[in-house]
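One structure below.
The values are calculated or read from the model by the stated rules, or taken from the named source; none is laboratory data. As the structure is a prediction and not an experimental result, all values here were calculated from the model. Every residue, glycine among them, receives a Cβ derived from its backbone with ideal geometry; neighbour counts consider all protein chains shown. Protein only, heavy atoms only, side chains kept; ligands, DNA and RNA dropped before computing areas. Shrake-Rupley method; radii C 1.70, N 1.55, O 1.52, S 1.80 Å.
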Amino acid sequence: MTSHQPANQRKQLRLRQRLFLLIFIPAVALASLVIGLFAWADWEAEIDLIGAKSLDKTQLWAQGLENSFLQAETDLQHLRAQPVLEEHLTRPSAASLELLRREYMAFAASRPEYGQIRLIDQTGMEQIRIDRKGASFASVPTERLRNKKERYYFQATLRLTQDQIHVSEFDLNVEDGVIQRPFRSYVRFSTPVFDEAGTLSGVIVLNHTGPALLRSLRRAEKATEGQALLVDSGGWFLKGPTSEAEWGSILAERRSCTFGRDFPEAWPQMQSKASGFIQTPRGLFAYVSTSPWKATPLMVRTSSLRWMRDRGPEISRRHLGWRLIHHVPASKVREGLIALLYRLAVPGSASLLLCLLLASGASRVMAQRQAAEASLRESEKQFRTLAAVADVGIYQCDDQGRCTYVNPRWAKMTGLSRKEALGDGWFRSLHPGDMAALSQAWERFITGGDAFHQEFRMCRPDGTVSWI
């Protein structure tokens, strides 16, 4: 008995371990699947939230740019309607030109966003030019004025009617056929001016400086997690990740510096929609289409590539527009994922602990039950072995009196085989005179719990009677 006890304990321990694993592993797998589904849903919601916030920022930035363009339109209308300009166009003189120059100087003092304010005659010759350098501005002497008849924005403006405004590309300033260095970037807003007779007399040009245009964008960028980018329709950077990547559409040595080259996963997807956000392995990109000519509402496109309004000034265009992009790097997006994992750590740990406790308790109960069943089977086996060699008759029955087991000695005593005795077979061999007394004694035993002790006769198959 003692020698078998450690072996039984080891066997029961191995059984508990197997049962524990059979319960714990599926439970953990199921809990992990549920938590994973919740995590995936939360992560999708987190990405949508980051994208929506980023897109809101981008739309606000675009609105700020468009407001600057609307201001330029208003300023051109103001300059075009000045009485001193009308006087100069009708009766040009040195005095009237000087009065106009003073008006432009006063205007420049209130508009630091303009790098140049110019009046150009119909031949392309600058009549007045106010240049700004930093916080200061000055009128350019007559001998330094230049002829701009070959410049595309001048030629395009000459073709406009009185109620139209031309918006140039966002490009670098050129003087005497050479790009100025350090670079000076402008968007030029220009409109034709006419004298009292309706004769084209010249062009007013406002050079909106690139730094002023992008200053609010750079300031807003610092308050966000990410980077603001501005690209033209070809994907060249107007505001790039670095200044060395900008102006690839103009500078041959930077021709390969494009958004499509740096972010090939995002650029093709941006072509199908005017705005939205895209998640890629390089991070999240929110984008909005914007442009100077988009700033004024009620504009439609014509075959001549001009955008017209139902009322007021019209703005013609030379290219397809810009993309204002907010790039949230993948590292910042991953920070959101890590924060999400931290939030899931508590319910995940609780689920794991619960699975551990349930598996441990269930495996212990199941192991005890299986051990009890095994012990019962072993006891029954030992009983059957002893009963088989016992010199007394042994009979087992259920609470209904149906026979479930007889040993060989009992079979020999009654003359019935084991098969014949099982169930109600033994009762049919009972002597008729003892049936009533035996039934009553059995009923008292079942209902009252009294000890059962009864002698009765069995009719053997050979006709003899045996007392049991």
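List of remarks:
- Residue, nearest to the chain's Cα centre (by Cα), within segment 276-286, restricted to residues that are modelled with pLDDT under 90 and open to solvent by 40 Å² or more (accessible area, probe 1.4 Å): 279
- All positions within segment 416-468 that are in contact with a Cys (Cβ under 8 Å, 6 or more places away or on another chain) and open to solvent by 80 Å² or more (accessible area, probe 1.4 Å): 424
- From the list 132, 159, 102, 111, the lone residue that is open to solvent by less than 70 Å² (accessible area, probe 1.4 Å), out of contact with any Phe, Trp or Tyr (no Cβ under 8 Å at 6 or more places or on another chain) and of a type in the set (Lys, Arg) is 111.
- Check on residue 436, among the hydrophobic types (A, V, I, L, M, F, W, C) and at pLDDT 70 or above: yes
- The residue that is modelled with the lowest pLDDT, among those in segment 55-94 that are closer than 17 Å to residue 219 by Cβ and of a type in the set (Ser, Thr, Tyr), is 68.
- Only residues that are surrounded by 17 or more Cβ atoms within 10 Å (Cβ to Cβ), in contact with a Ser or Thr (Cβ under 9 Å, 6 or more places away or on another chain) and farther than 15 Å from residue 142 by Cβ were counted in segment 114-129, giving 3.
- Single residue of segment 318-336 satisfying the filter (at pLDDT below 75 and outside any loop (DSSP other than H, G, I, E, B)) that is most open to solvent (accessible area, probe 1.4 Å): 334
- For segment 95-127, a residue qualifies if it is polar (S, T, N, Q) and touching an Asp or Glu at 6+ places or on another chain (Cβ under 7 Å), and the qualifying residues are 96, 116, 127.
- For segment 201-224, the count of residues that are open to solvent by 50 Å² or more (accessible area, probe 1.4 Å) and either touching a His at 6+ places or on another chain (Cβ under 8 Å) or among the β-branched types (Val, Ile, Thr) (or both) is zero.
- Near pairs, Cβ below 9 angstrom, 6+ apart or cross-chain, from segment 258-269 (of a type in the set (Lys, Arg)) to any residue that is buried (at least 20 other Cβ atoms within 10 Å of the Cβ): 261/267
- Looking only at residues in segment 387-403 that are open to solvent by 70 Å² or more (accessible area, probe 1.4 Å) and β-branched (Val, Ile, Thr), the one that is nearest to the chain's Cα centre (by Cα) is 389.
- Annotation: of all residues in segment 171-200 being surrounded by 15 or more Cβ atoms within 10 Å (Cβ to Cβ) and polar (S, T, N, Q), the one that is nearest to the chain's Cα centre (by Cα) is 185.
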